[in-house]
Amino acid sequence: MRRIASEVQISARPEEVWAVLTDFERFHEWNPFLVGAAGRAEPGQRLSLRFRLPGSGREMVFKPTVLVSEAPRLLRWRGRLGVTGVFDGLHSFELTPREGGTHVVQAETFTGVLVPVTGSIIRQSEVGFRSLTDALKKRVEATAGS
């Protein structure tokens, strides 16, 4: 098992952060890691997410299933490579109101037999997480209140 995470403080209400975070069709406008996305943030729905690994420019598409969508505080999905137990990722965004805005934690826990041999992909993903949370902050703060 391996867990990676990134967090950021955003000067906006959780509802404003949630609106940007779940507007998958616009990810290509601001998101340097998840460069393409489609679907709905509803439990049971399958998303189509295209991510670009930092440093390599390599892109991959995966189709996770939304497990939890509790606006405006928690979005969680699970993605798999092949069958359960090979390479699974449990991804979440947690939004917590704080004085002056919203604290966002993005995390993913990887499990499965391939985790020990996918270190470079996981390390690149961790860099991508930081770029995503930084870009989310910039996007939300630029559009908050409009």
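Of (1) 96; (2) 113; (3) 140, which is the value of volume of the Cα convex hull per residue in Å³ derived from the coordinates here? For volume of the Cα convex hull per residue in Å³, the calculated option is (1). If the segment from Arg3 to Glu94 were pulled out straight at 0.36 nm per residue, it would be longer than the present Cα-Cα gap by 31.3 nm. Ligands, DNA and RNA excluded, the heavy atoms of Thr22 present near 40 Å² of accessible surface to a 1.4 Å solvent probe.
Distance between the 7 Å Cα→Cβ label points at Ala19 and Val68: 2.5 nm. Asp134 contributes about 90 Å² of solvent-accessible surface, heavy atoms of the protein only, 1.4 Å probe.
Note on Thr84 and Val61: their simple-model spin labels are 2.6 nm apart, each label 7 Å out from Cα toward Cβ. Between 0 and 90 degrees, rounded to the nearest ten: what's the tilt of helix 119-143 against the longest Cα principal axis of the chain? Computed tilt is about 20 degrees. Sequence-ordered 3J(HN,Hα) estimates for the stretch 42-57 from the Karplus curve with 6.51, -1.76 and 1.60 and θ = phi - 60° stand at 9, x, x, 7, 9, 9, 10, 10, 10, 10, 10, 6, x, x, 10, x Hz, glycine and proline given as x.
Can you compute the helix-only [θ] at 222 nm over the chain? Use -39500 (n - 2.57) per DSSP H run of at least 4 residues, normalise by all residues, nearest 500 deg cm²/dmol. Theoretical 222 nm ellipticity from helices: -8000 deg cm²/dmol.
Note on Val105 and Glu141: the model spin-label points, each 7 Å out from Cα along the C-beta direction, lie 2.2 nm apart.
The values are calculated or read from the model by the stated rules, or taken from the named source; none is laboratory data. Quick caveat: nothing in here was measured; it's all calculated off a predicted structure. Ideal geometry is used to build each Cβ from the backbone, glycine not excepted, and the neighbour counts take in all protein chains shown. Each accessible area value is taken on the protein alone, full model and side chains, heavy atoms only, with ligands, DNA and RNA left out. Shrake-Rupley method; radii C 1.70, N 1.55, O 1.52, S 1.80 Å.
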